[in-house]
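This report refers to the structure that appears directly beneath it.
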Amino acid sequence: MKVELITVGKARSPFVEAGTHYLKMLKPLTPVEVTEVRDDAALIRTVQTARASGGNRPDAGTLVTLEAGGREMTSERWAEWLGQRRQEGKRLTFLIGGPEGLPGEVTILADQRLSLGPQTMAHQLARIVLLEQLFRASKILAGQKYHL
């Protein structure tokens, strides 16, 4: 399963260091490819292009938006959810918007909508929280201790 994160904006310190840390820890468990796009328009183009090339093929992938009002999950539920996505064997693409959130043209294309919690957080922090949850879920699936 290929996991990718497409996010609006370039990570800045101290988020760069935290992101690098989690990506390194995720690599042997669930490697994640991160793509940073400049703005909402670039995000829309990227998603539409990926959808057009993937079409309705069975392996086209699952598009997941992270947004307010999305489904919230415990760490254990994240692990179950990620395990189900692994069994599907499809590409898993997460989208995180910029300071204004995700554009409507992207949210309507989502296969699933998830939330990292009821609070509002900076989009760069949301990237770190997502990577941490993927790491934690991957450790749970591997039967390993996940507390840092």
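Taken together, the values in this text are just the output of simple stated rules run on the coordinates, not laboratory data. Worth saying up front: this structure is predicted, and the values here are computed from it rather than measured. A quick note on method: Cβ atoms are made from the backbone with ideal geometry, for glycine too, and the neighbour counts reach across all protein chains shown.
Think of the chain as having a plus end and a minus end, set by charges on the Cβ of Lys, Arg, Asp and Glu; of Gly101, Met73, Leu43, Met73 sits farthest toward the positive end of this dipole.
To check you understand DSSP bridge types, tell me what percent of the beta bridges within region 2-148 (both residues inside) are antiparallel, rounded to 5. Taking every DSSP beta bridge within region 2-148, about 5 percent pair in antiparallel fashion. Any idea how many Lys pairs in the chain come in under 14 angstrom at the alpha carbon, given 8 or more places apart or on separate chains? Summing the qualifying lysine pairs gives 4.
Kyte-Doolittle cut-off -0.5, length cut-off 24 Å along the helix's own axis using Cα: show which whole DSSP H helices in the chain pass. If you can, show how the numbers build up before the last one.
Numbers: long enough: 123-141 (27 Å, 0.59).
Answer set is 123-141.
The ellipsoid that matches the Cα gyration tensor of the chain has semi-axes, each √(5λ) in whole angstrom, of 22, 19, 14, with the longest given first.
Using the Cβ atoms and a cut-off under 12 Å, what net charge is assigned to the surroundings of Tyr146, where Lys and Arg are +1 and Asp and Glu are -1?
Once all neighbours under 12 Å are counted, the net charge is +1.
Where in region 40-148 are there GluC sites (Glu not before Pro) that are in a DSSP coil and have at most 14 other Cβ atoms within 10 angstrom of their Cβ?
Glu72, Glu100
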